[in-house]
1. For residue B:71, state whether it is of a type in the set (D, E, K, R), free of Cβ contacts under 8 Å to residues at least 40 places away in the same chain and either surrounded by 15 or more Cβ atoms within 10 Å (Cβ to Cβ) or out of contact with any helix residue (DSSP H, G or I) (no Cβ under 7 Å at 6 or more places or on another chain) (or both).
2. Residue check, residue B:90 against (1) more than 23 Å from residue A:109 (Cβ to Cβ); (2) under 11 Å from the mean Cα position of the chain (by Cα), all met but one. Which one?
3. In region A:6-28, how many residues are loosely packed, with under 15 Cβ neighbours inside 10 Å, in contact with a strand residue (DSSP E or B) (Cβ under 6 Å, 6 or more places away or on another chain) and within 12 Å of chain B (Cβ to nearest Cβ)?
4. On the given criteria, is residue B:10 among the aromatic types (Phe, Trp, Tyr), closer than 16 Å to residue A:94 by Cβ and within 11 Å of another protein chain (Cβ to nearest Cβ)?
5. Taking strands (runs of 3 or more DSSP E) that do not extend beyond region B:60-115, which have at least 3 residues that are within 14 Å of another protein chain (Cβ to nearest Cβ)?
6. Looking at region A:77-94, is at least one residue part of a loop (DSSP other than H, G, I, E, B) and aliphatic (A, V, I, L, M)?
7. What number of residues within region B:33-57 satisfy the criterion of being more than 10 Å from chain A (Cβ to nearest Cβ), exposed (fewer than 14 other Cβ atoms within 10 Å of the Cβ) and either over 17 Å from residue B:69 (Cα atoms) or among the basic types (Lys, Arg) (or both)?
8. Is it true that some residue in region A:85-98 is among the acidic types (Asp, Glu), away from every other protein chain (no Cβ under 14 Å) and touching a helix residue (DSSP H, G or I) at 6+ places or on another chain (Cβ under 8 Å)?
Amino acid sequence: AQSVTQLDSQVPVFEEAPVELRCNYSSSVSVYLFWYVQYPNQGLQLLLKYLSGSTLVKGINGFEAEFNKSQTSFHLRKPSVHISDTAEYFCAVSDRVTGGGNKLTFGTGTQLKVEL
Amino acid sequence: EAQVTQNPRYLITVTGKKLTVTCSQNMNHEYMSWYRQDPGLGLRQIYYSMNVEVTDKGDVPEGYKVSRKEKRNFPLILESPSPNQTSLYFCASNTLAGGPGGELFFGEGSRLTVL
């Protein structure tokens, strides 16, 4: 079984400042890793994913994440945030071995609040 | 436009009154799933379906039923709702062709309140 930990439930940041949202996972098998974003009153949409290859993954809206196998982490970063980035961000893991279709195990989410 | 459509978006009901939340996708996806989202708990999977007539329990299936009679539809049924089922529900789908690394497409959510 796998699990995902997002230690920060809320992250306030000023506009144009950099931000990092932390995600750690645990699994006994190889995994795929995802970040999803949920804007207010909307469903989730994929921000980026790591399947294999380069450990630095670039996503939409200027976000990127780095897979660190030794630290079992997949932190999300953006060098300069905008007001429109205010949303809830979910880290998720999928079991690469059994798959189960695309059964994702989600973290508890991090609310990013960008202030002027 | 590719989308997952859920109805109703908002519903207030009373304990014990059966209800169904519908979910339909127009992408010909084999895989469909229901999640519930609760503050501090993130999203937890209720049920999923790998294809027509193939369904299985997720992590929190108690109190819910599903059916998959057609590929595009995956309704969530609450036979006798209770207040602890007050939550925000999401339907999601994806194609199995991409394997477990594929993108899940989510509906806009259904906010259910059980009094």
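1. Spelling it out, it is not the case that residue B:71 is of a type in the set (D, E, K, R), free of Cβ contacts under 8 Å to residues at least 40 places away in the same chain and either surrounded by 15 or more Cβ atoms within 10 Å (Cβ to Cβ) or out of contact with any helix residue (DSSP H, G or I) (no Cβ under 7 Å at 6 or more places or on another chain) (or both).
2. (1) is the only condition that residue B:90 fails.
3. 1
4. No: the conditions fail for residue B:10.
5. Where strands (runs of 3 or more DSSP E) fall fully within region B:60-115 and carry at least 3 residues being within 14 Å of another protein chain (Cβ to nearest Cβ), they are B:87-94.
6. Checking region A:77-94: at least one residue is part of a loop (DSSP other than H, G, I, E, B) and aliphatic (A, V, I, L, M).
7. The total comes to 1.
8. Yes, there is a match, as at least one residue in region A:85-98 is among the acidic types (Asp, Glu), away from every other protein chain (no Cβ under 14 Å) and touching a helix residue (DSSP H, G or I) at 6+ places or on another chain (Cβ under 8 Å).
The values are calculated or read from the model by the stated rules, or taken from the named source; none is laboratory data. These numbers come from a predicted model, not from an experiment. In this analysis, Cβ positions are derived from the backbone assuming ideal geometry, glycine residues included, and neighbour counts consider all displayed protein chains.
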